[in-house]
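Peer 1: The structure follows.
Nothing in this text is a laboratory measurement; each read-out follows from the coordinates by a stated rule. Quick caveat, the model's predicted, so the values are computed rather than measured. Every residue, glycine as well, gets a Cβ built from its backbone with ideal geometry; the counts of neighbours run over all protein chains shown.
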Amino acid sequence: MKEFRVLIYKEGFENLNMSRMLRGDILRRWKDIYEQYMSFSENPYFEDTFGHSVHHYTDIHALMSILRNRKLWLSDSDFLNDRNEVKYTLDLISNICYKEFDFNSREMNKIFDYVSRPTWNGQQVFIMSFSEQDDLLPLWSYYSQVDGYNISFNPPELISASRQNLDVDYKSNREVHKVSALDRVKINLSKVIYNEEQQTEIITKITKLMKKAVIDYRQGLLSGYMINKLLIEYAGILRFYSLNFKQIHFEPEQETRLTVLLEDKNLLKQYLNHRSSNGIVIPYIELNFSVDQFNSVVKKIMIGPKNNLDVSEKGLKSFLYHEDYKESIQITKSLIPLRF
């Protein structure tokens, strides 16, 4: 109810006489729609709880950088390796919206503008990829040229530490203070959904809520401001969910994604960095961790199947000791036999 009152205020109903002129059924209907949005925004399909570690495949240079600096890099979702992935999710959304629901072109264009171009509303989504499997040859080959490593992370500790370390500089009386930014950030560690039926179910549920809002607007039960706000909010949820959709032939990867949604321009300005890769500039953000936090977050390091075990393990143990990591971090060797 508190959030609803805030929205009423933002709507421009500060004038008490104007608010009294509004019919009670309009306010009740908007409250009902708004609360449906709020309940759905709690991500019922994506859980932060995992009963096992998640694993990040990488090469030796990135491994040392991650462990030495205690930082994780999350790349802008618009710069995913597979551009067909974005097209796949947009096509799926388009087919459901256009074929099953009576949206006019203006409303649909507004939705797709936001879903396909999130920065239009000042939001950006950043992603880091993991796998549920710690010893998959395709991932060794693609991400670490077989002679790399993977790092195993404790999911609850990873999420908890990530949320603790998100703050923003706030200037007051010429002094800079650190203020928590959690109310302007969404963080999820979510399993990628490969099943098209489940993807369709999620998209359909969101679009049904959109349809209900549009019908209420056409019946005069929502103002233009209200319907614009609701469609933008729902489109944002739709994009956030769809970032965890992939086609079924990628299922062997068993991917899990750490996703961070920044909704504040000041946050973006403070956190946004850029790096070069394959001839292009990629926006990314860093998640920083303390020594104690990263000792709890990192559980294991696996050496790739092409590496020489004795030398690699000895050097890795020396590096971990020098960087103040606990001896409890396990070092293992890939069990995949290679003949080259």
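Peer 1: How do Ile336, Ile93, Ile248 line up, fewest other C-beta atoms within 10 Å first? Intermediate results must be reported in sequence, preceding the final value.
Peer 2: Working: Ile336 13, Ile93 26, Ile248 9.
Starting with the residue having the fewest Cβ neighbours, the order is Ile248, Ile336, Ile93.
Peer 1: Take the residue pairs Lys87/Lys246; Lys306/Lys333; Lys186/Lys211 and return only those whose Cα atoms are more than 19 Å apart. Before the final figure, lay out the partial values.
Peer 2: Working: Lys87/Lys246 10 Å; Lys306/Lys333 10 Å; Lys186/Lys211 25 Å.
Over 19 Å Cα-Cα: Lys186/Lys211.
Peer 1: Continuing with this model, one more query. How big, on average over all directions, is the shadow cast by the Cα convex hull of the stretch 214-311, in nm²? Write down the numbers at each step before the final one.
Peer 2: On the way: hull surface 51.1 nm².
Result: a mean projected hull area of 12.8 nm².
Peer 1: Report, by chain and number, residues whose modeled amide H sits under 5 Å from the one on Phe245, excluding near sequence neighbours (fewer than 5 apart, same chain).
Peer 2: Residues meeting the criterion, in which the H sits 1.01 Å from N, are Ile193.
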